[in-house]
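K.L.:
If you scroll down you'll find the structure; I have some questions about it.
The values are calculated or read from the model by the stated rules, or taken from the named source; none is laboratory data. Keep in mind that what you see is a predicted model, and the values were worked out from it rather than measured. Note: ideal-geometry Cβ built from the backbone for every residue, glycine included; neighbour counts use all protein chains shown.
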Amino acid sequence: MSLLSVRDLAIDYATRGGTLHAVSRGTLDIDRGEVVGLVGESGCGKTTLARALTGIVPRNARFSGGEIVFEGRSLLDRPTSEWREMLWRKISFVPQSSMNALDPVYRVGDQMLEVLRLRGGLTRKAAMTRSDELFGMVGLDPSRRAEYPHQFSGGMRQRAAIAMALALEPALVIADEPVTALDVIVQRQVLDTLRDLQARFSVSVLLVTHDISVVAYVCDKVVVMYAGEVVESGSVGEVLEKPRHPYTMGLTNAFPDLARAGGTLAPISGAPPDLRSPPVGCRFAPRCPFAQHRCTTTPPPLTFDDAGHGSACWRADEAPVLAEIAKDPQTWTRTFTSAA
Amino acid sequence: MRALRLPSGDPLAIIGVTIYVVFFAVALFADLLAKDPLEILFLDDGNLAANLGPSAAYPLGTTNLGRDIYSQLVIGTRSALVVGLTAAIAVVALGTLAGLLSGYFGGLADQILMRLADIALGIPFLPFVIVLAAFLGARTENVVLAIAVLLWPNTARVIRSQVLTLRERGFVEAARVSGASDWRIIRVHVAPNILPLSLLYGSIAIGWAILTEASVSFLGFGPSGSVSWGAMLQDAYASQALSRGSYNWFVPPGVCIVLVVVAGFFISRGYEEVLFPKLKD
Amino acid sequence: MDAYVHVRGLSKAFPVRRNLGQVLRGEHPVVHAVRAVDFDIVAGETVGLLGESGCGKTTTGRLLLKLVEPSAGAIRIGTKRLSGLSGSPMRDFRREAQLVFQNPFDALNPRIQIGRSLAEPLINAAVPRAEHADRIKVVLERVRVRGTDLLERYPHEMSGGQLQRIVLARALILEPRFIVADEPVSMLDVSVRAGILNLMRELQDTMGLTAIYISHDLALVRYVARRTMVMYLGSLVEDGPTEDVIHTPLHPYTRALIAAVPLPRVSQSRDPLPLKPGTPDARKVGAGCAFANRCPLAMPICLEQAPPLVTVAPGRRAACHLVSADGAGGIQPSAVRSVS
C-alpha cells in the first residue's frame, strides 16, 4: 500500500480574472522510501499540488475535488488543525529558497531546536544532541549552529533546511525546487546529501523540479504535469527512455544532454493554455504535433499499464512510433506566431 | 496617460474622486452659492442676527457676530482647495525632482539632497509654520511655502528608493546599452514608472496641507480676515460655541476637513493598488 | 588573425561595506570580482563564459559593454579602446555592441508598448523615423516573431519565450557586431529554451556576430559556443575548444564542474565529486591558487603562488601548477568522468 495516494485532486484559485484551475487532475502515488520527482514547467500546478499536501494553501485557493490519502487516511476530510499537527512529524517541507524556511532573525541552531522541542517534544538536552547529529548528517559543522541564516551560503542554508525537514524523521519530505537556486557543484552536493539521508531514514521524498536531469539523477519515479494535469508517470527509466506522452517526448528533446554531442534541440512551439479557460479536450493538443480530432474534443484519461507506467494520451499505444518521430527536431517546427 | 489612470472599479477611489469633484464645483461656483461671508446680518427688529440656529434663510445658522455660517463654509472651500492643491503640487514637484536626481545620479547630488531632506525632516512642523507666518506674515502663500519646505523630503525619499531599484532594472540597463542619454532614460523609463507614486504622495499631501492650514488658522496664526474652515473653527472655539452646543457652527467645517482629507487618502489608496496590485488579493 | 575583442589585465574590484574596525583604521576593503583577465576573441567567434555565481562572469560581460569601468586593464573592441571612450565614438560603440538580458520579464519597460521598446535603440541612434517600421519588421522576421498586433501589446501580455525574442530583436535592431548574452535562457521554461538557443545559433551564423555567452550551464554553453572560457573567483582558469574542455579538462575545477552536471538519463555516474570540502569565497583569496582549498590535487606551491594562465597548446590555456609543471597537463584524463 502506498504511503501517499493522491487521486484526481483539483485545486482552484479565485482570481480577479475568474476561477483559475491550477490543478485539475492531480494523481500520484508515493511508496515508502521512494523518491518521486514532480516535473513540469512554470504554472503547470506542480508547486500548488506539492504544497497542498502539507495542507498549506494560499487564502484564495480551495480544494474542489479528488482525495489525498496519507497512511491510509483521507486528509481532506480532516480539520486543518489536525493536518497542521502532522507537519514536521509526518510530512515536512523544504522550500526552494531556504531563506524562506529560515527566519533571518533567529540563529539557525535555535530554529532547529524549536522544531525538535515544540514539534518533537524533546527535552532541551536531547534536542541539542539531536540537533548536532542532524547538522553533522547534512554536512554542516555543528559549531555553526550559533550563526544566523545570512551568514550561511545558499548551499548551507539548503542543507540546514533539509536537516530541519528530517529532524523528526517524517514519513514524507516534500522538497519544492530544493536545488534550483544553487550552483551546479553545490546542487550536486545537496542532492547527494538528500539521497544519502533519504536512504538512511528510508523516508519518502516528493521532489518538485523543472529539471529532468535532477529527476534522472536522484528519483525513482517521475510524475510529469502539464497545465494542471498529470500527463505521465512511472519509473524514471520508463518515462525518460520510453515516453508515452508527446509532452514528455518534447521535454526530453528540448533538454541539452552533456553526454550527447551535437544534435539539435527542439522547442515545443506555443505556450501553455490559460488555466482560467483551459482547452476542452487534451490540454496539450494545441501544441502537440500528433494531435488528432478527438484530442481537441475529449480529454484523454490517465491510464496505467501493469508496470505502473501511466499516461494521458489518446495515442499512447502508438507511443514507440511517435517517440521516434518526435526525435526529429523538424516534428516540432512550427512557425512562431503572436497568437501562440 | 496610463500611469495616471486609477483602477475604475475601486469603490473607495470613486468615492474620493466624487468628493473632490463636489468640492471643486462648490469652490468654482461659490459666488453663486453663497453670499458675502463677512457681512454682518441683522434681524428685522434691528438686533444682531447672532447665534441663530439653522433656518430657511440661514441653512447653518449664524455666528456670534451675526455672520452666515453656510456662506463661510462655501467660500472657505476655496481657500482649502487652493492651499491644498498648490501645496500638493509644490510638494510633489520638489519631492519628485529631488528623488529622481538623487536616486538616479547618486554621489554628491544624492548626499546634498538627502542631507537637506534630513534637516527638513528634523524641523518640528507646526512651530515652523507658525514662526514662518510670524516672520513673513500670515499669508496663504507662506502657509503653502512652509508645507512645501517641510513635506517634500517624504516624497523625495520614497521616490529616491524607487528610482534606486528602477535604475537596476533590466530595461534601464537596456536603454543605457542602446545609447540613451541619462535625461532620456529618466524621462522615458524612470519618471513614468514613479509617477503613480508621486501622485500617491500628492494626494496625501493635499490632505496634509488642508489640515495644516486649518490648524494654523485655528491657532490664530492664519491670514487675518480670510475665510477658511480652520478660521471658522478658530472663531467658534474663541466664542465658546462648543460649550454653548452650537453644533451648527463647528461641526460643518470639521466634517468638510475630514471629507477632503479622507478623499485624498481614498484616492491614494487607489494609486497604491496601481503600484502594488498584490494589496488587492 | 587579429582579435576583434582584445582584453588585457582586466580587473574590477568593488568596495564592500566596512565594519567599524575598518572604518576606524581607515581601511577600504574591496572584493575582487575580476582579476587580471586576458583573452582575445576573433571576429565571428562565439565564446562561452562559464562559471558559478559570483565568479565574475557577469561583471566581465558588463565591463565589455562599458556598463562598469574597470579598476585596471584594457579592453579593445574592434577599433575602439573602451577606456575614456565618449561622445560620438561612444555612440558608435553603443550601436556596435549589445546585451541580451537574463530576465526577459525585466528587460522591457512594463509601461511601454513592445513597438516603442523596439524603436528605442533606433531613436537613440538617430535613425530617421521613416525607417523605423521597416527596421522593426526586418528584425522581427529575424527572431521569428509574426503578427504586427504584437507591437501594440505591453510586456505583461506576452509569454517569457516571446519576450525573450523581443529582447533579442531589440539587441539586434541596430545590427551590432558584438553581443554579450548573459544567461539568456535561464529564466525561461525548458520547452521554449531550445527555440531561443536555436535562434541564437542561427543568428551568429547569418549575421556573423561575435558573441560572448555567459552561463553557469555547461550543456547550454556547449550548445551555442565552440569555445569555452571557465572562470573561478574572478580568474580565468581554463580556455579552449568546448569539446576539449568537456572531454579533457585541464583544470581540477573544470573537472569538478563537469562531473557535477546531472544528465537527463538514468545511467550516469553518481560518484562523489573530485573536490575537497570547502566553499569558494572571493574575500579570502590569498596569494595562492583560489581553488587550492577545494582542490583534491593541491600541492604546497598552490597555497603560496597563484598559477599563471599558460598556453598549453594553440588555443588551449589553463591556470594550474599541475599543467604548468609538465606542459601538457598533469591531470590524467582517466580521472575525468567520461561523458560521451
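K.L.:
Can you tell me which of C:Gly54, C:Gly78 is under 14 Å from the mean Cα position of the chain (by Cα) and on the phi > 0 side of the Ramachandran plot?
P.N.:
C:Gly54
K.L.:
Tally time: how many residues in segment A:18-50 are basic (Lys, Arg) and farther than 22 Å from C:Ser191 by Cα?
P.N.:
The qualifying residues number 1.
K.L.:
Being in contact (Cβ under 8 Å) with a residue 12 or more places away in the chain and out of contact with any helix residue (DSSP H, G or I) (no Cβ under 8 Å at 6 or more places or on another chain) narrows it down to one residue among C:Leu273, C:Leu236; which is it?
P.N.:
C:Leu236
K.L.:
On to the next question. Quick check on my filter: what residues within segment C:237-256 are outside any strand (DSSP E or B) and either within 16 Å of C:Val224 (Cα to Cα) or among the acidic types (Asp, Glu) (or both)?
P.N.:
C:Thr242, C:Glu243, C:Asp244, C:Val245, C:Ile246
K.L.:
Which one of C:Val145, C:Val185, C:Val139 is free of Cβ contacts under 8 Å to residues at least 40 places away in the same chain and either of a type in the set (Phe, Trp, Tyr) or more than 11 Å from every other protein chain (Cβ to nearest Cβ) (or both)?
P.N.:
C:Val139
K.L.:
A follow-up question, please. Among the residues of segment C:231-261 satisfying the criterion of being more than 12 Å from chain A (Cβ to nearest Cβ) and of a type in the set (Val, Ile, Thr), which is surrounded by the fewest Cβ atoms within 10 Å (Cβ to Cβ)?
P.N.:
Among those that are more than 12 Å from chain A (Cβ to nearest Cβ) and of a type in the set (Val, Ile, Thr), it is C:Thr248.
K.L.:
Shifting gears a bit: Got a sec? Which of C:Glu52, C:Glu69 is touching a Pro at 6+ places or on another chain (Cβ under 8 Å) and part of a loop (DSSP other than H, G, I, E, B)?
P.N.:
Residue meeting the stated conditions: C:Glu52.
K.L.:
So, restricting to helices (runs of 4 or more DSSP H) that lie completely within segment A:35-152, which ones have at least 2 residues that are aliphatic (A, V, I, L, M) and within 30 Å of A:Arg7 (Cβ to Cβ)?
P.N.:
A:46-52
K.L.:
Then there is this: If I filter segment C:92-149 down to residues being assigned to a helix (DSSP H, G or I) and in contact with a Ser or Thr (Cβ under 7 Å, 6 or more places away or on another chain), which single residue comes out as farthest from B:Ala191 (Cα to Cα)?
P.N.:
Here the residue is C:Asp149.
K.L.:
Has segment A:258-267 got at least one residue that is modelled with pLDDT of 90 or more and hydrophobic (A, V, I, L, M, F, W, C)?
P.N.:
For segment A:258-267, residues modelled with pLDDT of 90 or more and hydrophobic (A, V, I, L, M, F, W, C): absent.
K.L.:
Scan segment A:316-327 residue by residue and report those that are in contact (Cβ under 8 Å) with a residue 60 or more places away in the chain and not small (Gly, Ala, Ser).
P.N.:
A:Pro320, A:Leu322, A:Lys327
K.L.:
Take the residues in segment A:72-109 that are touching a residue at least 24 places away in the same chain (Cβ under 8 Å) and surrounded by fewer than 16 Cβ atoms within 10 Å (Cβ to Cβ); name whichever of them is farthest from A:Asp183 (Cα to Cα).
P.N.:
Among them, the one singled out is A:Gly72.
K.L.:
Please return the ranges of helices (runs of 4 or more DSSP H) entirely within segment B:64-155 where 3 or more residues are at pLDDT below 90 and closer than 30 Å to B:Phe42 by Cβ.
P.N.:
Helices (runs of 4 or more DSSP H) meeting the threshold: B:69-105.
K.L.:
For segment B:25-44, state whether one or more residues are buried (at least 19 other Cβ atoms within 10 Å of the Cβ) and closer than 30 Å to C:Arg111 by Cβ.
P.N.:
no
K.L.:
For segment A:234-265, what are the residues that are hydrophobic (A, V, I, L, M, F, W, C) and either within 10 Å of chain C (Cβ to nearest Cβ) or under 18 Å from the mean Cα position of the chain (by Cα) (or both)?
P.N.:
Once the filter is applied, which keeps residues that are hydrophobic (A, V, I, L, M, F, W, C) and either within 10 Å of chain C (Cβ to nearest Cβ) or under 18 Å from the mean Cα position of the chain (by Cα) (or both), segment A:234-265 yields A:Val236, A:Val239, A:Leu240, A:Leu251, A:Ala254, A:Phe255, A:Leu258, A:Ala259, A:Ala261, A:Leu265.
K.L.:
May I ask you to list the residues in segment A:166-186 that are of a type outside the set (D, E, K, R), within 16 Å of the chain's Cα centre (by Cα) and modelled with pLDDT under 90?
P.N.:
Scanning segment A:166-186 gives A:Pro178, A:Val179, A:Thr180, A:Ala181.
K.L.:
Out of segment B:209-251, which residues are within 13 Å of the chain's Cα centre (by Cα) and surrounded by fewer than 22 Cβ atoms within 10 Å (Cβ to Cβ)?
P.N.:
Result: B:Leu211, B:Ser215.
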